[in-house]
Amino acid sequence: MTTDRPPRGALAAPAPSVRLRWAAPLVASWLAGLVWLVRAKLVGPRLDFLWWNLFLAWIPWVLSAVLVRLRGPLAWPVGAAWLVFLPNAPYLVTDLLHLKARPPVPLWFDLLLWVSFALAGLLLGWTSLEAVARTLSARLGKVGSMAFVASVLLLTGFGIYLGRFLRLNSWDVVIDPLGVVRTALHALAEPHAVFFSGAFAVLVGAGYLLVGPAREPG
């Protein structure tokens, strides 16, 4: 009698759904780059900052890939860096504010450009959070894992606000930590900041439900 179980001690291959979730940000980033190159071919190199923002969006993805393999004290600074850089991924959605008519490029083409980069950023953020939450779920339990994800989502939404409206960068946490704390506390007193942060936390959280940690079959 044969079974589908791998030999004892062997590493099981990742489920197809997991492989697809990790491939999604790669494909989305490739698509965004392709659309940008076509646009550059038509009207010349412009909107170069999109590449920089996409690069920043990849940093938390890479850090999460490293973090899930770490054990011991080194995991703490890497985890802190991941949390600080995570807002850079969904931040790409806010670049849609730059969408406007730029003849001779059709407006629909620029819409495709902005949406492609935004989708790449969201997928990088979702899969990055999924990887970290899945790793911590065994230690934190179901309730603890849900609390962790909710906290990260709220901090991510607030981080996007600090970056978009107050122009803070992730590395400011190291360069001027006290200044970041003062700016953050002042922003929390603004209803606009609270509403924006909460709205983006819900947006990122809704997408996270699509790629969240797979549940074991009952």
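The values are calculated or read from the model by the stated rules, or taken from the named source; none is laboratory data. None of these values were measured; they are calculated from a predicted model. Here the Cβ positions follow ideal geometry from the backbone for every residue, glycine too, while neighbour counts run over all protein chains shown.
Things worth noting here:
- Some residue of region 161-169 being crowded, with 19+ Cβ neighbours inside 10 Å, in contact with a helix residue (DSSP H, G or I) (Cβ under 9 Å, 6 or more places away or on another chain), over 30 Å from Trp36 (Cα atoms) and modelled with pLDDT of 95 or more: no
- Complete set of residues in region 39-56 that are among the basic types (Lys, Arg) and surrounded by fewer than 11 Cβ atoms within 10 Å (Cβ to Cβ): Lys41
- Taking the criterion of being more than 17 Å from Leu111 (Cα to Cα) and buried (at least 16 other Cβ atoms within 10 Å of the Cβ), the residues of region 24-38 that qualify are Ala24, Pro25.
- The condition (being more than 20 Å from Gly79 (Cα to Cα), hydrophobic (A, V, I, L, M, F, W, C), touching a residue at least 24 places away in the same chain (Cβ under 8 Å) and buried (at least 16 other Cβ atoms within 10 Å of the Cβ)) is satisfied by just one residue among Ala187, Ala201, Ala133: Ala187.
- Pairs with Cβ under 8 Å, 6+ apart, first in region 98-120 and surrounded by fewer than 16 Cβ atoms within 10 Å (Cβ to Cβ), second of a type in the set (Gly, Ala, Ser): Leu107/Ala101
- One residue from Ala138, Ala118, Ala133, Ala147 being modelled with pLDDT under 95, over 19 Å from Leu83 (Cα atoms), out of contact with any His (no Cβ under 6 Å at 6 or more places or on another chain) and not basic (Lys, Arg): Ala138
- Matching residues in region 1-30 - criterion: being over 18 Å from Trp126 (Cα atoms) and modelled with pLDDT of 50 or more: none
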